[in-house]
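Here's the structure we're looking at; comments come further down.
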């Protein structure tokens, strides 16, 4: 095993993570890109992007966003990506 | 390339065999031509190295599966073709990665997706989470460490003979031979 694979390896090494998440993103089911994000969720995501969601509510919002790939993409878009 | 393969447990003969196989496919006629699958994302030598490592992993898995088989049974083994072996490897890696990411709390999972899946800048994420760069960095580091360790542990449990390194996982994921854009996983 290489040093990188040990538990003492530098956890900040980001090599390959883009490939891994890129792969996982591509593996989302077909059609997921076309589903519309509910307006209420989109509004919450806009507030989240502006830092207006209270810390106690962030976990619940993250759970909601993670329920669908298109929500994650929509948030990434709001944050200036995709 | 041979040195990289031998450092992953291949004998000199096997490493040379894999490299020869790949070189032969580089000059083969279509549709067997390997270079036709290169999409130009990154340097060619790095891509060829990933292909070689994945071939080696597939070969090592195939050999382990065949070990207990009688000679007469080898012909009927379901994993005899390289393609089937690569798909089996794909399934193991994919399952382990997904389970590792799913094991994270929602906040950490979304952080990883936004930072590494979509390349959202860390300072933008600091605004969302009302956090400082150092706190966010620690959260990301912790999440990455969990995903890496959990993924490698799951693979080890699923196939104890498969000694993948973390860079192999990313190499497998970026290898278009294994994970084409048109192929979806369960």
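The values are calculated or read from the model by the stated rules, or taken from the named source; none is laboratory data. Predicted model, so just to flag it, every value in this text is computed and none were measured. Here the Cβ is made from the backbone with ideal geometry for all residues, glycine too, and neighbour counts use every protein chain on show.
Hey, could you check region B:106-148 for residues that are more than 7 Å from every other protein chain (Cβ to nearest Cβ) and part of a loop (DSSP other than H, G, I, E, B) and say which is nearest to the chain's Cα centre (by Cα)? So, considering only residues that are more than 7 Å from every other protein chain (Cβ to nearest Cβ) and part of a loop (DSSP other than H, G, I, E, B), the one nearest to the chain's Cα centre (by Cα) is B:121.
Could you tell me whether residue A:61 is within 12 Å of residue B:113 (Cα to Cα), facing chain B (nearest Cβ under 9 Å), free of Cβ contacts under 8 Å to residues at least 40 places away in the same chain and part of a helix (DSSP H, G or I)? Spelling it out, it is not the case that residue A:61 is within 12 Å of residue B:113 (Cα to Cα), facing chain B (nearest Cβ under 9 Å), free of Cβ contacts under 8 Å to residues at least 40 places away in the same chain and part of a helix (DSSP H, G or I). Does region B:84-97 include one or more residues that are loosely packed, with under 15 Cβ neighbours inside 10 Å, modelled with pLDDT under 90 and assigned to a helix (DSSP H, G or I)? So far as region B:84-97 goes, yes, one or more of its residues are loosely packed, with under 15 Cβ neighbours inside 10 Å, modelled with pLDDT under 90 and assigned to a helix (DSSP H, G or I). Applying the set (1) in contact with a helix residue (DSSP H, G or I) (Cβ under 7 Å, 6 or more places away or on another chain); (2) under 18 Å from residue B:61 (Cα atoms); (3) surrounded by fewer than 16 Cβ atoms within 10 Å (Cβ to Cβ) to residue B:32 leaves exactly one unmet item: (2).
Out of curiosity, is residue B:172 surrounded by 22 or more Cβ atoms within 10 Å (Cβ to Cβ) and modelled with pLDDT under 80?
The answer is yes for residue B:172.
Within region B:137-147, identify whether any single residue is at pLDDT below 90, buried (at least 22 other Cβ atoms within 10 Å of the Cβ) and either within 15 Å of residue B:61 (Cβ to Cβ) or touching a helix residue (DSSP H, G or I) at 6+ places or on another chain (Cβ under 8 Å) (or both), and answer yes or no. No, every residue in region B:137-147 fails to be at pLDDT below 90, buried (at least 22 other Cβ atoms within 10 Å of the Cβ) and either within 15 Å of residue B:61 (Cβ to Cβ) or touching a helix residue (DSSP H, G or I) at 6+ places or on another chain (Cβ under 8 Å) (or both). Residue pairs whose Cβ atoms lie under 7 Å apart, separated by 6 or more positions or on different chains, with the first residue in region B:30-48 and over 16 Å from residue B:172 (Cβ atoms) and the second loosely packed, with under 10 Cβ neighbours inside 10 Å and modelled with pLDDT under 80, are B:36/B:30.
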